[in-house]
Structures are given as structure tokens and as C-alpha cells.
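Written out below as C-alpha cells is the structure these notes cover.
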Amino acid sequence: MTTFRIAVIGGTGPQGKGLAYRFAKHGHEVIVGSRAAEKAEPIATEIAERITSEGGSPVVSGSANADAAAAADVVLLAVPFNGHDELVESLAEQLAGKTIISCVNPLGFDKGGPYGLDVERSAAEAAAAIVPTASVVGAFHHVAAASLWSQDDYLDHEDVLVCGDSTEAKETAQELARAVTSRIGIDAGKLRLARQLEPLTAVLISINKKYKVRSGISISGL
């Protein structure tokens with residue numbers, strides 16, 4: 001298995017923490033990133049202690065976002081859409097030339113429930129425009145944070161959809177999907193399709209609320 005050094009920017013949030021746990025549990029080196037190192041370090045310790053209690057030997061650390069991104073081979077963005085562009089701009093130097101995986105969802109919430117925001121470009125496309133030398137893919141949008149932090153060894157009832165314009169970057173994200181679902185992620189097409197994948201998360205949230213479940217995406221026919 002190919003292993004990576006992965007910076008999870010937004011690693012103190014539920015989605016980032018869950019993905020950091022899954023990656024570290026399955027042999028990848030993980031750096032939990034936050035705006036301040038003192039916020040990231042306790043989360044890194046919590047993840048490491050949990051994996052150790054499960055019999056693993058994790059390599060997990062916590063750091064400020066810029067230091068985490070600079071030290072990593074792959075950078076996963078798991079941050080709120082509000083403020084996303086400003087954060088990516090602040091890390092442009094550290095992100096240059098790297099593989100970036102975006103699981104950011106531009107969502108809104110009102111009395112009618114969740115919905116996809118009407119944006120000019122997807123979060124993944126925005127990251128690609130801000131850091132043009134990076135290889136950006138969209139992935140892991142539809143995996144629930146609670147499922148990622150659950151006791152399940154793998155979320156093998158779900159698929160991870162990956163979109164991007166770089167074949168190599170997509171293959172990296174597809175390989176990382178094994179740490180979550182136990183199987184390779186699915187190539188879902190070009191980066192522009194993040195415009196459809198990101199807001200689809202609102203549909204899953206609505207299903208979860210209606211049926212009291214943690215729904216996911218599963219692709220038939222492959």
C-alpha cells in the first residue's frame with residue numbers, strides 16, 4: 001500500500017477529525033492542522049490514543065495550518081465554505097505544487113432545511129484558481145462525520161466519488177478512499193463536476209434528518 005503524509009486543514013472539525021482518524025488508522029502519516037497549533041495538538045493526541053487503544057501504531061501530530069501544509073505531500077481541505085477562499089489564499093505558498101483534496105461543501109440552511117448555495121464556482125474550482133500550480137481534486141464530500149468517527153472498521157456500504165483534472169491527483173484521492181470504504185474511490189470525472197457533487201451533500205443531510213440515519217452514496221453497476 002502506498003502511504004502519504006497528509007495535512008488535514010480543518011482537522012479539528014468533525015469531518016476533518018474523522019478523516020484524519022481514518023487515514024492514520026490505515027497507515028498514513030497525518031498532520032492535523034488548525035489556525036493555532038495549540039488547538040490542533042489535543043485533537044492529534046486524541047486520534048493517536050484512540051488508534052493505539054485499537055492496536056495500531058499511528059503517526060499523528062498537530063500543527064498550525066501553514067506548517068501542516070508545508071510539511072505534507074497531500075493537503076486535504078475540510079473547512080467551512082465561509083472563509084474558504086481567504087484561508088486558501090493565506091496558504092497559497094505552502095500549497096503550491098501539491099495535491100489538494102477538497103471536501104468543502106457550499107451549503108446553506110434555513111427553515112426549509114439544507115440547500116446548495118448558488119455560487120459562481122465550486123469550492124474545489126476556487127482552490128484550483130487560487131493555487132494554479134496545485135493539482136486539486138474534489139472527494140469525500142458525502143461521508144458523514146459521525147460515520148467516520150464510528151466504531152466501524154470500514155464504511156464499506158459507501159463509495160467515495162473523486163473528480164479532478166489531474167489523473168495522478170485523482171489516483172491519490174482514490175487510493176486514500178481505501179482507508180474509509182476499504183476499496184478504491186470512483187473516478188467521477190472532471191473537476192467541474194464538483195459543482196454537482198458538493199451541493200448533493202444537502203440531499204443526504206435531508207435524508208438523514210427524515211429517516212434518522214447516516215446515509216451515503218453507493219454506485220451500482222461497476
Per DSSP H run of at least 4 residues, take -39500 (n - 2.57); add these up for the chain, divide by its residues and hand me the 222 nm value, nearest 500 deg cm²/dmol.
-11500 deg cm²/dmol
For a label point 7 Å from the Cα of residue 150 along Cα→C-beta, name the residues of region 208-222 whose backbone N is under 17 Å from it.
208-219
Along the principal axes of its C-alpha atoms, what lengths does the chain span, in descending order and rounded to whole Å?
41, 37, 37
Let me make sure I get this right: for region 1-121, a, b and c are the square roots of the gyration tensor eigenvalues over alpha carbons, sorted descending. Under 1.5 in a/c it's rounded, otherwise prolate if a/b > b/c, else oblate. Which is it?
prolate
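Under a Cβ-Cβ cut-off of 14 Å, what is the net charge of the residues other than residue 184 that fall near it, where Lys and Arg count +1 and Asp and Glu count -1? Could the numbers behind the result be given before it?
Numbers: positive: 170, 178, 183; negative: 156, 158, 159, 171, 175, 187.
For residues surrounding residue 184, the net value is -3.
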Proximal charge balance of residue 110 [Cβ under 15 Å; K/R count +1, D/E count -1]:
+1
Is there a quick way to get the dipole size of region 34-83? I mean about its Cα centre, with the Cβ of Lys and Arg at +1 and of Asp and Glu at -1; what is the value in debye to the nearest 20?
160
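What's the ranking of 57-66, 105-114, 184-193, 11-20 by average number of surrounding C-beta atoms within 10 Å, highest first?
Working: 57-66: 20.2, 105-114: 13.6, 184-193: 17.8, 11-20: 24.2.
The densest-packed peptide leads the list: 11-20, 57-66, 184-193, 105-114.
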Mind listing the phi-derived Karplus ³J(HN,Hα) values for region 131-148, rounded to whole Hz, using 6.51, -1.76 and 1.60 with θ = phi - 60°, and x for any glycine or proline?
10, x, 7, 7, 9, 9, 10, x, 6, 6, 5, 9, 8, 5, 4, 5, 5, 4
Place +1 on the Cβ of every Lys and Arg and -1 on the Cβ of every Asp and Glu in the chain, take the dipole about the Cα centre, and give the residue among 182, 28, 126 whose Cα lies farthest towards its positive end.
182
Mind listing the long-range amide H neighbours of residue 159? Cut-off is under 5 Å, sequence gap 5 or more, other chains count too, H placed in the peptide plane at 1.01 Å from N.
217, 218, 219
Structure shown: which of 98/170; 98/190; 170/212; 17/111 lie over 21 Å apart, alpha-carbon to alpha-carbon?
170/212; 17/111
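Throughout, read-outs are computed from the coordinates displayed, never taken from laboratory work. From a predicted model like this one, the values you see are computed outputs, not experimental measurements. Note that we place each Cβ from the backbone using ideal geometry, even for glycine, and neighbour counts take in every protein chain shown.
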